[in-house]
Structure formats: structure tokens, C-alpha cells
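S.K.: First, the structure itself, so that you have it in front of you.
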Amino acid sequence: MLPGGVDFFPTLSGLPTTRPQPACALGRTLVRHQIVALTMTPKMPSLSQFAQGLTTETAFDVLAVARKLMAAGKDVIALQIGDSPFPTTAHAIRAAHAAIDAGLTRYCPSLGLPEFRETIARTVQAEFGIPATIDHVAVGPGAKIFETYFCEAFLEPGDAVLVFQPAFPTFEPNIRRRGAQPLYVPLKQENQFRPDIAAIEAFVRSEPKARAIFLNFPHNPTGGVATHDDLRRIADIVRGTNIAIFSDEPYCHMVWTPEGRHHSILAEPGMLDQCVGAFTFSKSYSMSGWRCGYMVASPSVVQVVGKMINTSLSCVPPMVQMAGKAALEHDAAERDATMALFRQKVELLVNELRKVPDVTVLMPAGTFYVFPRVEPICRRLGITSHGLAMYLLEGADEQRGVACLGGECFGAAGQGFIRFSCAEPDERLVQAVDFFRDAITRTERVKAYLAAHPKYRLC
Ligand SMILES: Cc1ncc(COP(=O)(O)O)c(C=O)c1O
């Protein structure tokens, strides 16, 4: 509530202003030769500017290259994709079988099964202190779709959106889909990849087109975590403005700070009305292939997103929702045991990487990613950091490769870094770092790789 008693929530995007032409009206204006030209033209219909410029998550492209090399017999240590190597938690699997047996195989409400939404609301209240009810929850196929829905709900062409970079690669295409503009602010290793609060303040107070902020803590790819105090300060800056926050929280159970607890900005006073929180079962319950996630936001935003789900997906499969519900109700202990294994893997990888000359690496405060700075190595070898990553996969050895991502897959601020995920058994993580240490000494092979792939030359 603003002074004067006026409720101020971020406004939703407007309705389309151009009215579609009825087909018959269009048909009447065409002369005969135009109709012939339209029907006879040998070219395919042209794609939209948006479709032609669409950028994607590079991790999936590298995954495809890695799979091809594996199929050809190469031993690839796959540290490129943010996926869990562990099985889906037990109750989730059982509940999905039971749901199919019980005939839960048809459409269900677009916002999700009411009993699942209730369970989600209770869980985020108990785990993160978010004061949610069923009316604050919408179910989707993972967390990613809510980036799209958030942008459709709040952004108009020309709006400015603050995004911290390195950034999850699908933020930008979703912002651009609405004709809005991402404004990037770097996350710095020397600041433990925590958000720059002064930059948020400057954006909110001085950027005339300021409309939204994307947050993602624990952060992919850097492993940075915003402290509780950081989140309080961000909430204080945006409270009562027309700024909406997308808070992407897929790694909410992977926090390795001494406190070991996830803080969500949605728990701060008033923020449930100004934020959209996105959560997923992909990481915490090893359910990436099930496609199950949810959004927490104000009831009016939830209703709008319900229409978006209705007009795009209809609903998330009900047996998948029953699996998610069982995971929340019964699999917390299994989840936490798995999270502890991830933490050990992250620590192992960091300790191994610290033995490699010219690598500077922080112990991530969260996530299962390790994001070492390898800039001196890149400079010495004259190769970009993604070039270095691709060299480790394709060029360093005939028999073995390590798949990982160059930091620039997450935007220019990621240059000079590499992202490793920890999705392999411990001994393979050690092998991967041994391989890396050795590969960067083989300068002749690097030269040959660059000659075949000049796009990776560092200018
Ligand atoms: C920051 C971030 N957002 C969203 C997602 C997508 O998660 P989901 O599988 O739930 O769509 C990921 C997955 O890696 C992620 O790292």
C-alpha cells in the first residue's frame, strides 16, 4: 500500500492494439494475379525476425556434440549440463505409477491440481517463510516456462530489464520475445558473485524504462548466493515501485553457506505482490525429465498465468503432478541426502581445480556448478574460454574428452571462465581435472584445434 491508501502492484502488460483483419475482408482486396503469386510461389513462408534471431541454451548443443562423440566410442566425462546423475526420488516414482493406475491420465485444471497447489503453498511457507496460499500457486512443466510467462505478463516493447550477468541463457530470448531490452550488470568473482545492490538502486531510481529485474540465487553458472541482507535491501528498493521481479530459484535446496538455508525474496514484506518466484523439481528431486515446476506470485498474476497455460500447454500431466506432490510430502529426507552428495562433489571439484596452475576458483555458496577463472590460460593459449571448453571435449585427445561450457555461453561477463557441473561420479571428477591440467600443456594440439576452428581464436 502506498501513502494515500492506494494499492500499487506492478501493472500487467496491455492488450494488443491492432485488431486482426477478418479473412474475407483480406480476400476481397486481392486481385487475381496476386492470388496466383501467393499460391504458386516456390519459396517457403519467411520466418519472423524473432524466430530467426532466437538464441538457445548452449548446454544442450554441447550435450548433442558430447553424445555424438560418445556414440562414436569416445570416453566423455560429461560436466556440461546442469542435470542430476541421481535417480528420481522414490515416492515420486511410486505416486506416478499409482496415478496412472487410478486413471489420472486426462486433462486437468490449467493452474494445476488443487491438492498439489495446496501442498506447494504449505511447503514454501514451511521451508522458506513465503506466506503463500493455493491462490498464489501455478503449476508448470519446470521452471523455465515461467520466464516466458513473466515477460508476457509484465513487459511491453522498449521496457528495460535488469539482468545480472553471467546469466541463464534463456532469460534474454524471453525478454526479447516481448521487444524489451535486457540491461546487464556484472556479477563479480571478487564480490563472491553476489548482486550489486547499488546497480539495482541506480536502475530503479534513474532508468526511465525500468520495468523488471531478474534474480537467480543460488546462481547458475557462478554458484553465487545473495545473502538475506542483500535480499532485504533489494526488497526495500523496489517496494512500492512499478518494478516486477522474476526470482528464479531452481537451486533452493543447494545452499552451502554456513547457515545452509535458502532465503527467498518472496518472503520479504510485500514482495509476494511484486515478485514471481519460479521453482522446479528438476534439481532437488532429480526430476528434470518429468517437467514439473511451479510459480509463486500474487493471485492476480496467477490468474493471468493460468490463461497463458490454458492457451499454450493446457495443463501439466496430472500423473506428473501427483509425483511432485508425493516428492514434497515424503521425499525431503532422500532429497537432503542427495544434496549432501552434491555438496561433497562440489568441494572435491574445487579442491582438485585449486591444484591447477593459473586457475582461480571460489567454493560456490550454492548450486552444483563450479565456475573457475581460467583467463590466464586462455590468454597464454590464444583461445576463448568456450574454445577451451570445446577443445577439452573434441581436440585434446582421441580417446577421452571433458564436456563443459565456456563462461561466454552465459554472456560477455562470463568470458575467461569455465562452468563445470558435478553430474558425474567422484572418481570421474578427479579424472576430469587431471585431464584438464594435462590438456592445457599440449600447445601443439591447441594450435591444431584453433587452425581447424578459427572462431575460437582469442583476438
Ligand atoms: C537458472 C535456471 N533457471 C531455470 C532452469 C530450468 O529448469 P527446469 O528444468 O525446471 O525448466 C535451470 C536449469 O538448469 C536453471 O539453471
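S.K.: Taking the conditions exactly as written (of a type in the set (S, T, N, Q), within 16 Å of the ligand (Cβ to nearest atom) and outside any helix (DSSP H, G or I)), does T105 satisfy them or not? Spell out the reasoning first.
M.R.: On the way: of a type in the set (S, T, N, Q): yes; within 16 Å of the ligand (Cβ to nearest atom): no; outside any helix (DSSP H, G or I): yes.
Taking the combined requirement at face value, the residue does not satisfy it.
S.K.: Report yes if G270 is of a type in the set (G, A, S) and away from the ligand (no atom under 16 Å from the Cβ), otherwise no.
M.R.: yes
S.K.: Can you run down the residue pairs with Cβ atoms below 6 Å, 6 or more apart or on separate chains, where the first is in region 45-59 and surrounded by 10 or more Cβ atoms within 10 Å (Cβ to Cβ) and the partner is part of a loop (DSSP other than H, G, I, E, B) and not small (G, A, S)?
M.R.: Once the first residue is surrounded by 10 or more Cβ atoms within 10 Å (Cβ to Cβ) and sits in region 45-59, its partners that are part of a loop (DSSP other than H, G, I, E, B) and not small (G, A, S) give E57/P169; E57/T170; A59/Q80; A59/I81.
S.K.: Kindly indicate whether L450 is part of a helix (DSSP H, G or I), out of contact with any Asp or Glu (no Cβ under 9 Å at 6 or more places or on another chain), surrounded by 20 or more Cβ atoms within 10 Å (Cβ to Cβ) and in the same structural domain as N351 (by TED's automatic domain parsing).
M.R.: Criteria met by L450.
S.K.: Can I ask one more? Among all residue pairs at least 6 apart or on different chains, which show Cβ distances below 9 Å where the first residue, located in region 272-298, is part of a loop (DSSP other than H, G, I, E, B) and at pLDDT 95 or above and the second is among the basic types (K, R) and within 9 Å of the ligand (Cβ to nearest atom)?
M.R.: F281/R291; S282/R291
S.K.: Can you name the residue in region 64-88 that is in a helix (DSSP H, G or I) and touching a strand residue (DSSP E or B) at 6+ places or on another chain (Cβ under 8 Å) and, of all such residues, is nearest to the ligand (Cβ to nearest atom)?
M.R.: In the first step, residues of region 64-88 are kept if they are in a helix (DSSP H, G or I); the result is 64-71.
With the extra rule that they be touching a strand residue (DSSP E or B) at 6+ places or on another chain (Cβ under 8 Å), the set shrinks to 65-66, 69-70.
Details: V65: 18, A66: 16, L69: 22, M70: 21 Å.
By that ranking, first place goes to A66.
S.K.: Every residue in region 244-280 that is within 15 Å of the chain's Cα centre (by Cα) and hydroxyl-bearing (S, T, Y), please.
M.R.: Within region 244-280, S247, Y251, T280 qualify.
S.K.: Please specify each residue of region 227-263 satisfying the condition of being charged (D, E, K, R), more than 20 Å from Q192 (Cβ to Cβ) and in contact (Cβ under 8 Å) with a residue 24 or more places away in the chain.
M.R.: Within region 227-263, just R239 meets the criteria.
S.K.: Another question, if that's okay. Of all the residues that make up region 391-431, how many are in contact (Cβ under 8 Å) with a residue 12 or more places away in the chain, assigned to a helix (DSSP H, G or I) and not polar (S, T, N, Q)?
M.R.: 16
Rundown of residues vs (1) at positive phi; (2) touching a strand residue (DSSP E or B) at 6+ places or on another chain (Cβ under 9 Å), yes/no style:
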| position | (1), (2) |
| --- | --- |
| V359 | no, yes |
| P364 | no, yes |
| E375 | no, yes |
| G416 | yes, yes |
| R419 | no, yes |
| D426 | no, no |
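S.K.: Output the number of the condition that R373 fails; it satisfies all remaining conditions of (1) under 22 Å from P186 (Cα atoms); (2) crowded, with 22+ Cβ neighbours inside 10 Å.
M.R.: Of the numbered conditions (1) under 22 Å from P186 (Cα atoms); (2) crowded, with 22+ Cβ neighbours inside 10 Å, the odd one out for R373 is (2).
S.K.: For residues that are closer than 26 Å to I175 by Cα and within 16 Å of the ligand (Cβ to nearest atom), scanning just region 255-265, find the one that is surrounded by the most Cβ atoms within 10 Å (Cβ to Cβ).
M.R.: Within region 255-265, the match that is surrounded by the most Cβ atoms within 10 Å (Cβ to Cβ) is I265.
S.K.: Another question about this same structure. Test V302 against the stated conditions and say whether it is away from the ligand (no atom under 14 Å from the Cβ), in a helix (DSSP H, G or I) and within 21 Å of the chain's Cα centre (by Cα).
M.R.: Working: away from the ligand (no atom under 14 Å from the Cβ): yes; in a helix (DSSP H, G or I): yes; within 21 Å of the chain's Cα centre (by Cα): yes.
Taking the combined requirement at face value, the residue satisfies it.
S.K.: Of all residues in region 428-459, count the ones that are over 27 Å from the mean Cα position of the chain (by Cα) and under 18 Å from K74 (Cβ atoms).
M.R.: Count: 11.
S.K.: Select from region 273-290 the residues that are of a type in the set (F, W, Y) and in contact with an Asp or Glu (Cβ under 7 Å, 6 or more places away or on another chain) and write down the one among them that is farthest from the ligand (Cβ to nearest atom). Outline the logic, then answer.
M.R.: Going through region 273-290, the residues of a type in the set (F, W, Y) turn out to be 279, 281, 285, 290.
Narrowing further to those that are in contact with an Asp or Glu (Cβ under 7 Å, 6 or more places away or on another chain): 279, 285.
Working: F279: 8, Y285: 11 Å.
The selected residue is Y285.
S.K.: For region 346-363, state whether one or more residues are under 30 Å from Y149 (Cα atoms), outside the structural domain of C151 (by TED's automatic domain parsing) and not in a helix (DSSP H, G or I). Give the steps one after another, and end with the answer.
M.R.: So the first thing to find is which residues in region 346-363 are under 30 Å from Y149 (Cα atoms), and the list is none.
No, region 346-363 has no match at all.
S.K.: Tell me which residues, restricted to region 45-63, are within 16 Å of the ligand (Cβ to nearest atom) and part of a helix (DSSP H, G or I).
M.R.: Answer for region 45-63, where residues must be within 16 Å of the ligand (Cβ to nearest atom) and part of a helix (DSSP H, G or I): T58, A59, F60, D61, V62, L63.
The values are calculated or read from the model by the stated rules, or taken from the named source; none is laboratory data. Predicted model only: the values in this text are computed from it and were never measured. Reconstructed Cβ throughout: ideal geometry from the backbone, glycine too, with neighbour counts over all protein chains shown.
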